1. Only one of these is in contact with a Lys or Arg (Cβ under 7 Å, 6 or more places away or on another chain), more than 30 Å from residue 23 (Cβ to Cβ) and part of a helix (DSSP H, G or I): 86, 90. Name it.
2. Report the residue count in the range 37-91 for those that are within 23 Å of residue 14 (Cα to Cα) and surrounded by 14 or more Cβ atoms within 10 Å (Cβ to Cβ).
3. Search the range 2-22 for residues that are farther than 13 Å from residue 46 by Cβ and pair each with any residue that is assigned to a loop (DSSP other than H, G, I, E, B) when their beta-carbon atoms are under 9 Å apart and the residues are at least 6 apart or on different chains.
4. Every residue in the range 15-47 that is modelled with pLDDT of 95 or more and polar (S, T, N, Q), please.
5. Looking at residue 156, is it hydrophobic (A, V, I, L, M, F, W, C), more than 20 Å from residue 77 (Cβ to Cβ), without any contact (Cβ under 8 Å) to a residue 40 or more places away in the chain and touching a Phe, Trp or Tyr at 6+ places or on another chain (Cβ under 6 Å)?
6. Any chance you could count how many residues in the range 131-153 are in contact (Cβ under 8 Å) with a residue 24 or more places away in the chain and either assigned to a helix (DSSP H, G or I) or in contact with an Asp or Glu (Cβ under 7 Å, 6 or more places away or on another chain) (or both)?
7. Please go through (1) in contact with a strand residue (DSSP E or B) (Cβ under 6 Å, 6 or more places away or on another chain); (2) assigned to a loop (DSSP other than H, G, I, E, B); (3) surrounded by fewer than 19 Cβ atoms within 10 Å (Cβ to Cβ) for residue 98 and return the number of the only condition it doesn't satisfy.
8. Give the residues of the range 88-102 that are modelled with pLDDT of 95 or more and charged (D, E, K, R), sorted by residue number.
Amino acid sequence: MDYTLIRSSRKTVSLSVTPDGVVVRTPMKMAKRDIDAFVESRRGWIETHAARMAERQKALADIVPLSAPELAALMERARRFIPERAAHYAPLVGVRCGRITIRAQRTRWGSCSANGDLSFNCLLMLTPPEVLDSVVVHELCHIKEHSHSKRFYALVLRVYPEYPKCDAWLKAHGEEIMRKNGRA
């Protein structure tokens with residue numbers, strides 16, 4: 001079975017199936033025969049996940065990207081709506097946010113700079129309102145807690161108890177929405 005091998009200072013072996021194929025990450029000194037045996041022992045898992053990946057890629061290929069005027073209109077709606085949501089949730093989080101930027105990003109839903117400036121993806125306007133709010137709360141909480149620590153998630157859940165459900169929705173449907181960015 002073909003695979004891409006990545007050796008590093010790690011202590012364990014990991015296996016992943018990507019659109020480009022199978023990737024195996026191993027410790028630097030692991031013997032090639034042991035790596036091959038590991039991959040072979042996981043053949044069923046690899047084939048199952050490769051089939052799922054192929055189906056997913058086929059479904060995503062059928063998504064029609066937004067036209068430039070559609071993307072511009074979405075960006076304008078987001079510039080009006082998302083700052084209102086941030087203004088609503090900031091006092092609940094106990095923060096004041098800096099500047100809010102709206103972009104058509106290809107991989108991120110939002111980000112928070114060290115000085116509290118927030119950036120959001122205009123494609124959030126294509127998600128259910130509660131999902132958009134969960135991303136706003138997530139980024140606002142980063143103003144207080146910069147890492148994804150237990151304290152960070154405790155704050156997120158205190159302000160937005162539905163966060164896990166919304167996060168699961170983004171994991172299930174987010175890639176489809178990201179594909180609507182014609183620049184992706």
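1. It is 90.
2. 7
3. 7/28; 7/29; 7/30; 8/28; 9/28; 10/28; 13/30
4. Within the range 15-47, 26, 41 meet the criteria.
5. Taking the combined requirement at face value, the residue satisfies it.
6. Adding up the residues that qualify gives 14.
7. (1)
8. From the range 88-102, those modelled with pLDDT of 95 or more are 88-95, 99-102; that's our starting set.
Passing the criteria: only 99.
The values are calculated or read from the model by the stated rules, or taken from the named source; none is laboratory data. Remember, it's a predicted structure, so these values are computed and weren't measured experimentally. Reconstructed Cβ throughout: ideal geometry from the backbone, glycine too, with neighbour counts over all protein chains shown.
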